[in-house]
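All of the numbers you see were taken from the coordinates with simple rules; none came from a lab. Everything quoted here is computed from the prediction, not taken from an experiment. When we count neighbours, we look across all protein chains shown, and the Cβ atoms used for this are built from the backbone with ideal geometry, even at glycine.
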Amino acid sequence: MTNSPENKGLPKLTQSEILECLTRSGYVLESRLIQSLSNDGFFVEPNQVTLDPRTGKSREIDLIAEYYNREAASAPGSCVKTFFPIEAVNNPFPFVLLSRRIWTPQSPTDSYVQYVTTPKPNSFEDQIGDWYEEKQPVADKLFSQYCGITRKKSSKDFMAYHPDDIYTSFLKLAEYVANELRYWESRNIENDKYWRLFFWRPCLVLSGDLLALETDTNGELGLTELDFGQLEFNWHSEEFPATTVIDVIREEYLLNHLKNIAIRDEDTQRALHQFREKYRH
C-alpha cells in the first residue's frame, strides 16, 4: 500500500496488516452481522444513535434489527414486533457470566419485559395469550455479574477483569431502550386506532466464547459453554435506579435466537388480529 503525501515518513501497511487490524477492531464482525441478518429477512439499520443524558451527546449503537413480518403487513390495523438493538464485540478471550440470578421479593421483574402498547389503555393485553410470561428471562440463563479475560501486560498470565468497553456497550443498549420507551410514552397514543405490541430486546453479540461460572452441590467451581445467556444490568436513568435484561449471544447462535423470537411474535400477532376482528364486530 502506498502512503499519501501527508503520511510520508510513516511505515507502509500491507493489506494483510490492515485486514488484521480491522478484524481485531470488530468492524468486520459488524459487517458479517448486517449481511447475515439482511439475507434472512431482517431490516437492519447500522450506526443508530442514542442520547447520553450525562453528556447530552449522541452515541452510536452498532445496529438495530427487526424482522419483516409479512403476516403483520397483511393484517391492517395491528402489529406485534420486537426490535433488537445490537452491540457487537470481538472477544479474543472468553466472556464469562457469573452469579446466577435467584429470585427475591426485591427482584425487579416488572422491568424485565420492555414493551409498549397502543392505544393506552387497551382491551387486548390480557386477551391474546401468555406473551408476557413468554418474554420473561429464561430462569437458568439469567445472571447478575460478568467479567472478561485478558492477558496481563508483559506477562503470559491471564486475569479476569471488568472491561470498560463492555460496560459502555451495556449502558448504550440500556439507554437506547429507555429512550425508545420514553418516546412512545410522550406520544399522544390514547386515541391511537392502530393496535401495537412492540418489544425491545437488547443484545450483546460475541465473536468468541461465552462461558458461565457454575457451582455444583459440593461447592466446586466449573465452567459451562453457552450459546446464549442473559444479564440483569443495573444502572441509573435520570438519577433513578433502573434494570435492563440484556441477551448475551455468540455470533453463530444469533440468527436462530432472533428468528425464534420473531416466530413467537407471529403467533401473538395472529392472536391479536383475531381478537381485533372479534372486537370490531
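Taking each of Lys12/Lys156; Lys57/Lys259; Lys172/Lys193; Lys172/Lys259; Lys120/Lys259; Lys120/Lys193 in turn, the alpha-carbon distance tops 22 angstrom for Lys12/Lys156; Lys57/Lys259; Lys172/Lys193; Lys172/Lys259; Lys120/Lys259.
From the coordinates of this entry, Cα extents along the principal axes in Å is computed, and it appears in (i) 76, 61, 37; (ii) 56, 44, 33; (iii) 87, 37, 29 under the label (i).
Order the peptides 258-270, 147-159 from the highest to the lowest mean number of other Cβ atoms within 10 Å of their residues. Working shown, then result.
Values: 258-270: 17.6, 147-159: 11.2.
For the peptides 258-270, 147-159, the packing ranking is 258-270, 147-159.
Cross-link partners of Lys153 among aspartates and glutamates, defined as those whose alpha carbon lies under 15 angstrom from its own and excluding same-chain residues fewer than eight positions apart, are absent.
For the chain, find the longest principal axis of its Cα atoms and tell me its angle to the long axis of helix 164-186, 0 to 90°, nearest 10. Relative to the chain, helix 164-186 is tipped by roughly 20 degrees. If you plug the beta carbon distance of Tyr68 and Lys152 into 1/(1 + (r/R0)^6) with R0 = 51 Å, you get a FRET efficiency near 0.65. Taking the chain as a Gaussian network of alpha-carbon nodes connected by springs under 10 Å, the highest mean-square fluctuation of the residues Thr217, Thr55, Thr117 belongs to Thr217. Of all DSSP-defined beta bridges confined to the chain, some 70% are antiparallel rather than parallel.
The Cα center of the range 239-281 and the Cα center of the range 118-138 differ in position by 10 Å. Take every pair of alpha-carbon atoms less than 8 Å apart whose residues are at least six positions apart; their mean separation over the length of the range 56-160 yields a relative contact order of 28 percent.
Under the rule a/c < 1.5 gives rounded, and otherwise a/b versus b/c splits prolate from oblate, where does the range 126-198 land using the Cα gyration tensor?
Working: a/c = 6.28, a/b = 2.20, b/c = 2.85.
It comes out oblate by the Cα gyration axes.
Over the range 145-281, what is the relative contact order in percent, taking alpha-carbon pairs closer than 8 angstrom and at least six residues apart? Walk me through the numbers on the way to the answer.
On the way: 128 pairs, mean separation 24.9, N = 137.
Computed over the range 145-281, the figure is 18 percent.
Near His236, once Lys and Arg are set to +1 and Asp and Glu to -1 for all other residues with Cβ below 12 Å from its Cβ, the sum equals -2.
Simple spin-label estimate for Ala139 and Ser107 gives 0.8 nm between the two label positions (7 Å along the Cα-to-Cβ direction from each Cα). Entry note, the chain: the mean residue ellipticity at 222 nm calculated from DSSP H runs of n ≥ 4, each adding -39500 (n - 2.57), is -10000 deg cm²/dmol after division by the residues and rounding to the nearest 500.
What is the local net charge at Cys147, summed over the other residues whose Cβ is closer than 14 Å to its Cβ (Lys, Arg +1; Asp, Glu -1)?
Working: positive: none; negative: Asp164, Asp165, Asp209.
Net charge around Cys147: -3.
Assuming 0.36 nm per residue, please report the length gained on full extension of the stretch Thr217 to Arg264 beyond their Cα-Cα distance. List each step's numbers first, then the result.
Details: separation 47, 0.36 × 47 = 16.92 nm, distance 3.54 nm.
Computed gain between Thr217 and Arg264 is 13.4 nm.
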